[in-house]
2 protein chains.
Amino acid sequence: MSRLAKEKQFVAAFFEEAGAEIIASFQKNLTIETKSDRNDLVTNIDKQIETLFVQRVGEKFPTHRIFGEEGMAAEIDTLDGPVWIVDPIDGTLNFVAQQKNFAISVALYVDGIGVYGAIYEVEKGDIYTCEKGFGAYLNERKLPKVSSDAAISDHLLIANLSAIRINERLFEAIKESRGLRLYGAASLEYMYVATGRAGAYMSANLAPWDVAAGKIIAEELGCIVTRLDGSQMNMLEKGSSIVALPHVHKELMQNYLR
Amino acid sequence: MSRLAKEKQFVAAFFEEAGAEIIASFQKNLTIETKSDRNDLVTNIDKQIETLFVQRVGEKFPTHRIFGEEGMAAEIDTLDGPVWIVDPIDGTLNFVAQQKNFAISVALYVDGIGVYGAIYEVEKGDIYTCEKGFGAYLNERKLPKVSSDAAISDHLLIANLSAIRINERLFEAIKESRGLRLYGAASLEYMYVATGRAGAYMSANLAPWDVAAGKIIAEELGCIVTRLDGSQMNMLEKGSSIVALPHVHKELMQNYLR
């Protein structure tokens, strides 16, 4: 039986409240024209959503700590006990330029183990959730495990330009694949792989809040998540990231990344 | 007054019929698992949609010629008179892997001039249309002209890896910009720029059917469309392509592409 009923209900309520604020901001955003104002406004929305999260966690879970992009919570240097890791708007530049292809990412780690992750693609109304060990869902629909034997040649790859420039051989992997894509929101790019719509997503430098929820969901569905050198991630540090289908991860590690 | 009422009605009816066939194919597609079968099926759908288009044009406009990706129509070597240029599924690899981020692209050229363009993003239900000189629309909504003075630093850029590798200085343009994106369907990438959600889209090698409709819509909204060397496109030949906001096009040409 699920142990996290209260936490799930909490995240669902937060997404509803935060989503409404973000959608309301679209109208304001459209009326502001200069670059600096537009950036300021977006920063305000990022901070506004993170502040809302900090408030709501404080009300419901006063002993839990919070680790987030906008620094509205206290700084933390250990993952002891329950820690929420939040990105109020993952894909901020897409949010500014496109008002789509961005998401809210929320994860709960307990003693360093990811136990619950949730990603809300606000513009589409899609919510991905996973309690570790109890399956992953897109809205009400349980997601299937990813294919364990599909090769690079069967899949699209997602990679940012820095990852490709650092690892020249990735050009060869991309040629071997069905092609390169790049969407600019890590949490959603994790979900592309977790739902089998891409074989791997590689990035040279991501923060814990970019990947904290995506990692829980992707691993639950059978994906492999590591640094680009194959080492384990630490949710206190920034660094490179790869999430991939198992066989694609193996091929990339053996032939292209090490 | 619009001169093309019959043609517009024709394209709308074709999109409805073709969209239904494509959506029906999703279910079949999901039940097929091996790569070769899956590719065969997709080829079948591409051909099926183009064949449908050739049939329907033959019924309504028997004197018009057709130029299309799947070669179901006659080969043509001039653009005299009315010529329909069609891509039944632009973004085939996205269609296979993701069942989204693909579109049907249809354009009517008369004596080499694009007079009507229409792009249908089937999965979203979005239809972009433009009769040259009468404005461009997303569904029922008239689209605004693009900003004429926004610079590279204000915008996301879309570029395929070949375009970047051929033009090393594009790395610098991407660093100057808000970031790189890549979606893998030219017609939709043209629409990202035409609606101001990206500053430019550059590709090293596209076919006429990839860009025929997008060019009409993008130019109507104030975008500049050329080859990567700044020369004009010829709708009979494959080649490079850039669609950009006016000021971004100027900056790219002056500082990064020539």
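The values are calculated or read from the model by the stated rules, or taken from the named source; none is laboratory data. Computed from a predicted model, the values in this text were never measured in an experiment. Positions of Cβ are generated from backbone atoms using ideal geometry, with glycine treated the same way; all protein chains shown enter the neighbour counts. What goes into the accessible areas is simple: the full protein's heavy atoms, side chains included, and nothing from ligands, DNA or RNA. Shrake-Rupley method; radii C 1.70, N 1.55, O 1.52, S 1.80 Å.
The table that follows gives values for the structure above.
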quantity	calculated
Residue tally, condition crowded, with 24+ Cβ neighbours inside 10 Å and hydroxyl-bearing (Ser, Thr, Tyr), over segment A:84-108	1
Selection within segment A:192-214 - under 23 Å from residue A:251 (Cβ atoms), crowded, with 24+ Cβ neighbours inside 10 Å and in contact with a Phe, Trp or Tyr (Cβ under 8 Å, 6 or more places away or on another chain)	A:193, A:194, A:198, A:201, A:211, A:214
Single residue of segment A:142-165 satisfying the filter (at pLDDT 95 or above and open to solvent by 40 Å² or more (accessible area, probe 1.4 Å)) that is nearest to the other protein chains (Cβ to nearest Cβ)	A:144
Extreme residue, modelled with the highest pLDDT, among residues of segment B:1-46 that are part of a loop (DSSP other than H, G, I, E, B) and open to solvent by 90 Å² or more (accessible area, probe 1.4 Å)	B:3
Residue count for segment A:92-114, restricted to those that are closer than 19 Å to residue B:200 by Cβ and in contact with a strand residue (DSSP E or B) (Cβ under 6 Å, 6 or more places away or on another chain)	2
When residues of segment B:120-132 are limited to those that are in contact with a Lys or Arg (Cβ under 8 Å, 6 or more places away or on another chain) and of a type outside the set (Asp, Glu), the one most open to solvent (accessible area, probe 1.4 Å)	B:124
Residue identified as closer than 21 Å to residue A:126 by Cβ, open to solvent by 20 Å² or more (accessible area, probe 1.4 Å) and in contact with a strand residue (DSSP E or B) (Cβ under 8 Å, 6 or more places away or on another chain) among A:189, A:220	A:220
Matching entry among B:117, B:135 (being in contact with a strand residue (DSSP E or B) (Cβ under 6 Å, 6 or more places away or on another chain) and surrounded by fewer than 17 Cβ atoms within 10 Å (Cβ to Cβ))	B:135
Test result for residue B:111, more than 12 Å from chain A (Cβ to nearest Cβ), within 17 Å of residue B:208 (Cβ to Cβ) and open to solvent by 30 Å² or more (accessible area, probe 1.4 Å)	yes
Residue list for segment A:166-187, filter: away from chain B (no Cβ under 12 Å) and either touching a His at 6+ places or on another chain (Cβ under 9 Å) or under 28 Å from residue A:131 (Cα atoms) (or both)	A:186, A:187
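Let's see how each residue does on (1) among the β-branched types (Val, Ile, Thr); (2) in the same structural domain as residue A:120 (by TED's automatic domain parsing); (3) in contact with a Gly (Cβ under 9 Å, 6 or more places away or on another chain):
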{"residue": "A:184", "(1), (2), (3)": "no, no, yes"}
{"residue": "A:203", "(1), (2), (3)": "no, no, no"}
{"residue": "A:226", "(1), (2), (3)": "yes, no, no"}
{"residue": "A:229", "(1), (2), (3)": "no, no, no"}
